[in-house]
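I have placed the structure first, in the form of structure tokens, so that the comments after it can refer back to it.
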Amino acid sequence: MPGIRARHLIGVLAVTVASGLLFSVSALNERRHPAATSDLSTLVRTRQEQVRQLETEVSSLDAAIEGFSPAQSGTAAEDAFTAGSTRPVSGPGVQITLSDAPTGQVPAGATPDDLVIHQQDIEDTMNALWSGGAEAMTVQGVRVTDRTVIRCIGNVILVDGTSFSPPYVIQAIGDPAALHAAVASNPRMVNYQAYVAKYGLGWDMQTKDALSFAPATTSSTVNYATVEETNG
């Protein structure tokens, strides 16, 4: 019996020590990680409420997307611009001419691509003029609309499908002072001017007292594919 009692006492002592260790670890963990002792059911309810709110937002966005149509996509400003491009316009403005660097030896540190005008150069110039308040614009005499497409193919550009070789002339009607200021402060145009100075790319900007643009000849109507229904 003494042996059994001793083993019993040892077992009780072991449980007591283990319990003490567990309580100590639990207390230490609570100090280090207070969030671990938070009410789990409250946390679950909070997360469920957040999920419900997100589901409501998703439903609202889905409804907005379903209600969107091409006829509603244009803003008033875009509609006015589209309508304006179908009419002749005249007034003061500026003319910018971009041209390739002189042919011959490639300057040190340059590549052949550095010495020619790219589509991006033309688009950067156009964007700078728009930001300066340009009311209307032409590229190589082609009236720019919201459907105008400019693409670079080799050493020529396509403007609405018509190919042109350099030099490239961009005209814009608007306040000449504002247009000059916008171009001078535009970061991309500043970068272009660095290439003008370093590699000899062509650049010329002139104020024009009177410019006249004919109406755009490209259609502003959006065409899209449809499925033809057939019997059988």
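Every read-out reported here was derived from the displayed coordinates using simple, explicitly stated rules and does not represent laboratory data. These numbers were taken from a predicted model, which means no experiment stands behind them.
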Theoretical gain in end-to-end length, residue 180 to residue 64 [0.36 nm per residue, Cα-Cα removed]: 37.6 nm
Stretchable slack from residue 90 to residue 44, in nm (0.36 nm times residue separation minus alpha-carbon distance): 9.8 nm
